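Report on the following structure.
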Amino acid sequence: MNLSIFKKTSILTAVLLLVCSSLAFASTNPGGPSTKGQTNISSTLSYDEVIKILGDIEQSSKGKVEVFTLDQYGKSEAGRSIYAAKVGTGAKKIWIQAQIHGNEKLVTEAALDLLKTYASNKSKDVQKVLAESTLYFIPMYNPDGAEMNTRGTKIMATGKSLDLNRDWTLDGGFAAKESQAVYAYWADVKPDFAIDLHHQGIKQVYGTNEATSFSLGVSLAPNGPTLPAYKNYNDETRQMLAYVYDNLEGYGYTHIDRYQIVDSAKQAGYDIDIKGGVVSAMMMGLNYNGLNPDHHSHPAVFFETKGNTTDGSLGQKSNGYLTKQNYLALKSLVYGYVTGEVYKVDPNHWNDIPAYPLAGYWTDYNGIVPIGESGY
Ligand SMILES: [Zn+2]
């Protein structure tokens, strides 16, 4: 196949893209807030505040929650400790990570809210989750980026900025200290399932004038070029996201769609197929430095909450609503996973989540792969 012509025409479009593992084309910002001004982040949690909250949760949990740093594996580029928390006594290991992109703020709060629930809530559902699973939280994966309010981090050796969610590559090894530390910890824990939390810029639900409030995604596109080769993850990830979609609808949340990079002019969507993404590498069983010789792997999904502090699309008014939505999505997916309810869902129900007509795959290894040309 020859992708070169397509790639050339895509370069301009690509430049316009505010590339998150996320993010719609800039042109999908319909009369949204000015992209010049940054959102005031004083209402979001700083690194120090996160540490304080973690300590408070640990203390109030009466021994149920354990808070610790990953210092034995490494620190951030700027020398900050990466914090983690553990709760539950069961065999199923669930990994929840937030703010790998330092300008994606509210997700940290949602993760901490969920940890708080597990620390103190006595309900039957919560007790079941804690009895049957152990949850590992990394509420602020990228503390340097969080403090700078930048998507990536700064590599001290070179002064270059780096997207930590493109650094778990199969071939090159890790450029950032954060990646080495979190990867080594992940290889020790060997989770069974992971959820990764993000924010995206403004996009619209296909066929509506409504801004998307929440998107559900898999970083290796379901039915795409990569995922079907890995165990049963192609079905499991779709089941999980369809399950979350139904649950959020049940809670009354609307304007939820599938995560895609959207070309609004063409009204077409691209599913991402990003191999260097952290949760992608988890699904592919990355063995770096011999730390994962058995190629342990597991399914993983990600959530994208509306709004990004850098492009000014995060408004304080809706913060509470968006955090709650994220929290409920997390909580329901954990419960559905632990109880096995997610596996009762028809994987093809995933197709019922609103999405743009699929034009192709947005990859980090072969540019944009048009839909008809992904046969490899
Ligand atoms: Zn992100």
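Some notes on this structure:
- Filter result (touching a Pro at 6+ places or on another chain (Cβ under 9 Å) and either part of a loop (DSSP other than H, G, I, E, B) or more than 16 Å from the ligand (Cβ to nearest atom) (or both)) within the range 93-110: 93, 94, 95, 99, 102
- Set 190, 203: member being basic (Lys, Arg) and modelled with pLDDT under 95: 203
- In the range 54-69, the residues that are free of Cβ contacts under 8 Å to residues at least 24 places away in the same chain and closer than 18 Å to residue 141 by Cβ reach residues that are buried (at least 18 other Cβ atoms within 10 Å of the Cβ) and not aromatic (Phe, Trp, Tyr) with C-beta atoms within less than 7 angstrom, at least six apart or across chains, in these pairs: 67/54; 67/58; 67/85; 68/84; 69/82.
- Given (1) more than 28 Å from residue 277 (Cβ to Cβ); (2) touching a residue at least 60 places away in the same chain (Cβ under 8 Å), number of the condition residue 98 does not satisfy: (1)
- The single residue among 213, 219 that is hydroxyl-bearing (Ser, Thr, Tyr) and under 24 Å from residue 288 (Cα atoms) turns out to be 219.
- Taking every residue in the range 133-154 that is at negative phi and basic (Lys, Arg) and pairing it with any residue that is within 14 Å of the ligand (Cβ to nearest atom) and not in a helix (DSSP H, G or I), at least 6 positions away or on another chain, the pairs with Cβ-Cβ distances below 6 Å are 151/101; 151/103.
- Extreme residue, surrounded by the fewest Cβ atoms within 10 Å (Cβ to Cβ), among residues of the range 214-234 that are farther than 14 Å from residue 298 by Cβ and more than 16 Å from the ligand (Cβ to nearest atom): 229
- Residue 305 passes every criterion in (1) touching a strand residue (DSSP E or B) at 6+ places or on another chain (Cβ under 7 Å); (2) in a helix (DSSP H, G or I); (3) hydroxyl-bearing (Ser, Thr, Tyr) apart from (2).
- Residue within the range 36-43 that is over 20 Å from residue 277 (Cβ atoms) and modelled with pLDDT under 50 present: yes
- Considering each residue of the range 69-85 in turn, none proves to be modelled with pLDDT under 95, among the polar types (S, T, N, Q) and not in a strand (DSSP E or B).
- Test: residue in the range 86-96 that is out of contact with any Asp or Glu (no Cβ under 9 Å at 6 or more places or on another chain), at pLDDT 95 or above and surrounded by 24 or more Cβ atoms within 10 Å (Cβ to Cβ): no
- Output for the range 338-373, where each listed residue is part of a loop (DSSP other than H, G, I, E, B) and not small (Gly, Ala, Ser): 345, 346, 353, 354, 356, 357, 364, 365, 366
- Restricting attention to the range 55-85 and to residues that are under 20 Å from residue 279 (Cβ atoms) and among the aromatic types (Phe, Trp, Tyr), the residue that is surrounded by the most Cβ atoms within 10 Å (Cβ to Cβ) turns out to be 83.
- Residue in the range 153-164 that is in a helix (DSSP H, G or I), within 16 Å of the ligand (Cβ to nearest atom), surrounded by 16 or more Cβ atoms within 10 Å (Cβ to Cβ) and modelled with pLDDT under 95 present: no
The values are calculated or read from the model by the stated rules, or taken from the named source; none is laboratory data. Computed from a predicted structure; not experimentally measured. For neighbour counting, all protein chains shown are included, and Cβ atoms are generated from backbone atoms with ideal geometry for every residue, glycine included.
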